[in-house]
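The values are calculated or read from the model by the stated rules, or taken from the named source; none is laboratory data. Just so it is clear, the structure is predicted and the values come from calculations on it, not from any experiment. For neighbour counting, all protein chains shown are included, and Cβ atoms are generated from backbone atoms with ideal geometry for every residue, glycine included.
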């Protein structure tokens, strides 16, 4: 068996190539939209990509599944319940995909998304038991996938799916679809682990089901451009310019000098937090536009005025501001410290839901 983990440091996501050294058949799992890295690897190693599999519909980056399948003639796979607008070969719980002697066994592990799967890798010449699991966004290293993308039943399904993976032997290696990013809350940054280590040291896995469900209810902010990315990955739109390549230098300003900076400018204040955060408190005059919807509402953001991008602490605003700079917006500034810092500074013109 040939196995290759491919890490995307910009997005904190992982993709995989699994192949048979005997038949030279290969599968690519969770490909990014940079498909050349897979076709080049297959060519250099002498493999034929015959299967392309996404473990779920990705919400934080563009999938290369259709482009890679078209470029290679490979069969495109998703779970049977995937809500997409393009043809694919459906996978069912318990299905086995064979690449020569290598077996990819499908486990339906809904929660993060209804169509989420995990994939057990079995290499029978060595053992009839699985040695690895590609856990998608079900189980991370030090965390589990956020279940709020999975609908009302997401949290309970996620708990059950994680328990199913924990029934695997301790030695089974865990290779998730993310090692960083917004699809979990506490990933440790390592790209792989084992079932045994996660069972013992993953803090989320120590929780009883009621506590797990309570933690799951504390939803994190949705990823930048999630709405457009998910629509693109469903085939509902052609997404271009949704994920910037690399970081862009962003001008910033602190909460201490921000009031004076605003007073001498006709600035547009862009609040990229979630609607509930904006409703709880916001800088007077700020315009709500969650970062998840940014790409779809660019027409609301003026190009001929200064734009101050704000969030809770400054993390989201820096990324959103960097995206706008990448698109060519020239007068973008991020507020360091964010709305929380603004409130803590006691500025008299900061307000809650009553503010203008």
Checklist outcome for this item: Those residues of region 68-81 which are over 21 Å from residue 24 (Cα atoms) and either buried (at least 18 other Cβ atoms within 10 Å of the Cβ) or in contact with a helix residue (DSSP H, G or I) (Cβ under 9 Å, 6 or more places away or on another chain) (or both) amount to 78, 79
Checklist entry - Is at least one residue of region 245-267 surrounded by fewer than 19 Cβ atoms within 10 Å (Cβ to Cβ) and closer than 26 Å to residue 55 by Cα? => result yes
Item to check | Lone qualifier among 299, 337 - being within 27 Å of the chain's Cα centre (by Cα), buried (at least 18 other Cβ atoms within 10 Å of the Cβ) and in the same structural domain as residue 260 (by TED's automatic domain parsing) | outcome: 337
Checklist outcome for this item: From the option list 265, 248, 222, single residue qualifying as over 18 Å from residue 8 (Cβ atoms), under 21 Å from the mean Cα position of the chain (by Cα) and in a loop (DSSP other than H, G, I, E, B) is 222
Next on the checklist: Considering only residues that are modelled with pLDDT of 95 or more and either surrounded by 19 or more Cβ atoms within 10 Å (Cβ to Cβ) or assigned by TED's automatic domain parsing to the domain that holds residue 326 (or both), which ones fall in region 232-244?
Outcome noted: 232, 233
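So that you can scan it fast, the table gives a plain yes or no per residue for (1) at positive phi; (2) modelled with pLDDT under 95; (3) in contact with a helix residue (DSSP H, G or I) (Cβ under 6 Å, 6 or more places away or on another chain):
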site	(1), (2), (3)
249	no, yes, no
252	no, no, no
255	no, no, yes
261	no, no, no
272	no, no, yes
276	no, yes, no
289	no, no, yes
293	no, no, yes
299	no, no, no
Next on the checklist: So, residue 155, is that one under 25 Å from residue 201 (Cβ atoms) and over 16 Å from the mean Cα position of the chain (by Cα) or not?
Outcome noted: yes
